[in-house]
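Readers should treat all values here as calculations from the given coordinates under stated rules, not as data from a laboratory. As the structure is a prediction and not an experimental result, all values here were calculated from the model. Neighbour counts are summed over all protein chains in view; Cβ atoms, including those assigned to glycine, are modelled from backbone coordinates with ideal geometry.
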Amino acid sequence: MASTKKNIVFDVVGTLVSYDAMFDAIETRLGDRLRAEGIKPRLLGYTWLEAAEREYTYLSISSRYKKFGVVFEALFFRMLWMAGISEPRTFASQDDLAYIMDEYLKLEMRPGAKECVSKLRDAGFTVWAFTAGDLKRVGGYFSRAGVDMPAANFLTCDTLGVGKPSTEAYTPLVKKLRDDGDDAPWFAAAHMWDVSAARTTGFKGAYCTVWEKEPLLELFGDMEVVADTLPEMAEKVIAAAILFKTPRNMVLQPPPIFPVQNSTESFWRTDLDSLDSHRTTELLPDSADIVVIGAGYAGASTVYHLLEKTKLSVNKLTIVILEAREACSGATGRNGGHLKPDPFNRPGSLIEEFGVEAVAEASAFEMAHVDAIKEIVEKEKIDCDFVVTRTFDVQFDSSTRDHLKAGYDRLADSGVATAQEVQYIAGEKAEAAPRGCFSHTAGHLWPYKFIMHLLKKAISQGANLQTHTPVQEVSSIQDSQGYWTITTSRGMIKAKSIVYASNAYTSTILPQYKDKIVPVRGICCRITTAKKPAPHLPNSYMLRRSSWEQDYLIPRTDGSIIVGGGRGTYYPILESWYDTINDSELIASTMQYFDGYMQRNFKGWEDSGASVDKIWTGIMGYSADGLPHIGAVPAKPNQFILAGFTGHGMPQIFLSARGIASMVIEDKELEETGVPRIYKTTQTRLDCKTNRILESWKESTQGRVSSKL
């Protein structure tokens, strides 16, 4: 049986504790004088530390151990001479050195260090501190930061008389922890020489780039965890520990942040394709040119366009598609099947922020999806019940009508072409109950069949689909050959390029998107009639009771109706929909909402006997600023994303995927691909604290109107 004990040993100074106070002291006492000699104060401090570590190590391995602080202080004037100062003891005084050494005793914890330790302790880890420094000095760093570190958990090389990175320094500690029942203890450091040496004695290695920036894995070897911040390192250690603490004969279950099992069954997934749980090869390939994470609308569309752009190439790309559950089992296989562009509502509200040209671009982009999907369905002969139709966006309260009309008028007055394609009906031209109505071209289809056809074609052209293979982590850096390492539940695969088509689950594997793409639960149903034929319903609809109470529906050729929404029943209850990935349950407050829905809302349906045949939930990826994240992942070369469609992916994804394919294959910038510039994912957007999802929720109004069309 695997041990449940978990221990992590931290190097302290340089890792949890910053050298900044020492650098500041050099600046205070010698800064101007050093710069006058062409010497950067910080560089002097860095080389002083590096030289001290070297001499400390040399003394130790030759059995002449000296305390690090003693070595460090002794080297000061030598370092000035090596930096180019001909008379070091004239240039600087003993008082200067004393001041710097005094400030060295006052080093402070790095930002995130306290959070890092707290996260690990909350996850059940015992935290240790192993230092080359003296216990009094290092203990002061913890106490001043308010981080409790029991004296029994402090270890120093001074006690052993052996300095790191000698393996003799680490061996007694790793043996102690293993004897106490931890068969996979961790060592964490921001010095690669330190953590890599600890790994040779049996520790698992966690490296943080906060001090050295460049890990140099080609010199020091792989690490179990590499992270750019201390809190991120803690999170990755916690996740990785699950792997190392799992017996080999147990099936490793993904943590709850991954797609859940036993999701509610959608109508679209009642007729499953042979590729639903397909694995092109029995084993996960070792590497690929491109790995696409997600086998839904975004993933399948991206692979389609990648293969289209390279079909005439002599050197074929290797493409692997990784899917956590079954193919098209996420939002695309659980949505309403409604291809409803938004040429006026959202664009109209964005004019002030982005300008007419940018929003006109986005409006036209969405409208272009109807023709784009029609074209590919006809070209590839896809049997997916695709229909081009007219959609009616109906408002039942005046404030919602006025808001939409104002946005529409702004677009029309600015000469935006797509606004001319929208028909507005109001007043005496509308039915008695509705306050306003917009109409424009739209479409609907069987989304699962559409996606499965794209995947079949991709596989026939050499793509490798691996279902039931959740991605657990992507390495924080590339290796020396430029490959990223992707860790899955079934092993690792390396990739030159990665495309994240993971929508609601993106932040699981791209932590920088946490709170920027939020999982949001929605609900849909299929309504059938006892009366045959069913009353005729030629168009698709959006019914708005208020700014936040919305339903949408499409008629199907078999007479059934697919309806989604019901927000009025659950939207005020934040925990029922916000930041949840559980699509194995229905939303309790919405259980009865769709009963009698058609009879309540549409004339001629009163005696139809229409009732709910099937009801299901799904998880959407809502963007905190309301716009999709498309393009190159900031600071991650050859990583790309298309996610965060806020429940509106049908008229945004297919052509966005074409843009991503152009970026991957043709090395284009997003602005050169035809994807709206306001969709571009940027570090500025990731740094923004705005959360319009929660802002809208807080501002939501009460009241609803009951009426029929």
Against the longest alpha carbon principal axis of the chain, how many degrees, from 0 to 90 and to the nearest 10, is the axis of helix 230-244 turned?
-> 80
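What's the exposure ranking of D222, D397, going from fewest to most Cβ atoms within 10 Å?
D222, D397
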Mind giving me the FRET efficiency for K213 and S584? R0 is 41 Å, r the Cβ-Cβ distance, nearest 0.05 is fine.
-> 0.45
Spacing of the two label points (7 Å from each Cα toward its C-beta) at A152 and Q461, in nm = 6.4
Relative to the present Cα-Cα distance, how much length would full extension add between Q592 and D32 at 0.36 nm per residue of separation?
-> 194.1 nm
The set of residues whose placed amide H lies less than 5 Å from the amide H of T488, leaving out same-chain residues fewer than 5 positions away, is Q472, I493
So what's the chain giving for Rg/Rh, alpha carbon basis, Kirkwood Rh from the mean inverse pair distance?
-> 1.06
Which Cα, out of T28, S63, A74, lies furthest along the positive dipole direction of segment 1-83 (beta carbon charges, K/R +1, D/E -1)?
-> S63
Each residue of segment 634-639 in order: what ³J(HN,Hα) in whole Hz does its phi give by Karplus 6.51 cos²θ - 1.76 cosθ + 1.60, θ = phi - 60°, with x for Gly and Pro?
-> x, 6, 10, x, 6, 10
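So what is the relative contact order for the chain, in percent, with contacts set as C-alpha pairs under 8 Å and at least six apart? Please report the intermediate quantities before stating the final value.
Numbers: 1401 pairs, mean separation 92.7, N = 709.
Worked out over the chain, it gives 13 percent.
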Computed from the beta carbon distance with a Förster radius of 51 Å, FRET efficiency for E666 and T201 to the nearest 0.05 stands at 0.60
Residue-ordered couplings for segment 94-102, obtained by feeding phi - 60° into the Karplus form 6.51 cos²θ - 1.76 cosθ + 1.60 and rounding to whole Hz (Gly and Pro as x), are 5, 5, 4, 5, 4, 4, 5, 5, 5
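To the nearest 20 Debye, how big is the dipole of segment 481-543 about its Cα centre, given +1 on the beta carbon of each Lys and Arg and -1 on that of each Asp and Glu? Write out the running numbers ahead of the final one.
Values: 9 positive and 1 negative charges, 43 e Å.
I would put it at about 200 debye.
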About its Cα centre, what dipole magnitude does segment 20-104 give when the only charges are +1 on Lys and Arg Cβ and -1 on Asp and Glu Cβ, stated in debye to the nearest 20?
-> 360
Under 15 Å by backbone N from the virtual spin label 7 Å along Cα-to-Cβ at K603, the residues of segment 380-419 are none
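Pulled fully out, how much extra length does the chain show between D613 and D20, if you take 0.36 nm times their separation in residues and subtract their Cα-Cα distance?
Full extension from D613 to D20 adds 206.9 nm.
With an 8 Å Cα cut-off and a minimum separation of 6 or more residues, compute the relative contact order for segment 20-104 in percent. Please report the intermediate quantities before stating the final value.
Numbers: 66 pairs, mean separation 30.9, N = 85.
RCO, segment 20-104: 36 percent.
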Nearest-0.05 FRET efficiency for S349 and L694 at R0 = 25 Å, using Cβ-Cβ distance, is 0.90
Ranking of S475, S86, S266 by count of other Cβ atoms within 10 Å, fewest first | S86, S475, S266
For segment 49-62, Karplus-derived ³J(HN,Hα) couplings (6.51, -1.76, 1.60; θ = phi - 60°; whole Hz; x for glycine and proline) come out as 4, 5, 5, 5, 4, 5, 5, 4, 5, 4, 5, 5, 6, 9
Would you grab the residues whose amide H sits under 5 Å from the one on K668? Only those 5+ places off in sequence or on another chain, please, with H modelled 1.01 Å from N.
-> M663
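So how much slack lies between L135 and E108, counting 0.36 nm per residue of separation and subtracting their Cα-Cα distance, in nm? Don't skip to the answer; put the middle values down first.
On the way: separation 27, 0.36 × 27 = 9.72 nm, distance 1.52 nm.
Gain in length upon complete extension: 8.2 nm.
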Virtual paramagnetic centre 7 Å along Cα→Cβ of S118, amide N under 11 Å, in segment 132-151 = 147
Work out the charge dipole of the chain with +1 on the Cβ of Lys and Arg and -1 on the Cβ of Asp and Glu about the Cα centre, then indicate which of A123, T557, A426 is farthest towards its positive end.
-> T557
Please report how far the C-alpha centroid of segment 179-229 lies from that of segment 28-89, rounded to the nearest whole angstrom.
-> 26
Placing +1 at every Lys and Arg Cβ and -1 at every Asp and Glu Cβ, with all other atoms neutral, what dipole size does the chain have around its Cα centre, in debye to the nearest 20?
-> 1000
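How do C525, C688, C208 rank when sorted from fewest to most other Cβ atoms within 10 Å of their own Cβ?
Exposure proxy ranking, most exposed first: C688, C525, C208.
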XL table K106/K175; K119/K176; K316/K381; K106/K204; K457/K668; K309/K449; Cα-Cα > 27 Å flagged, in table order, is K106/K175; K106/K204
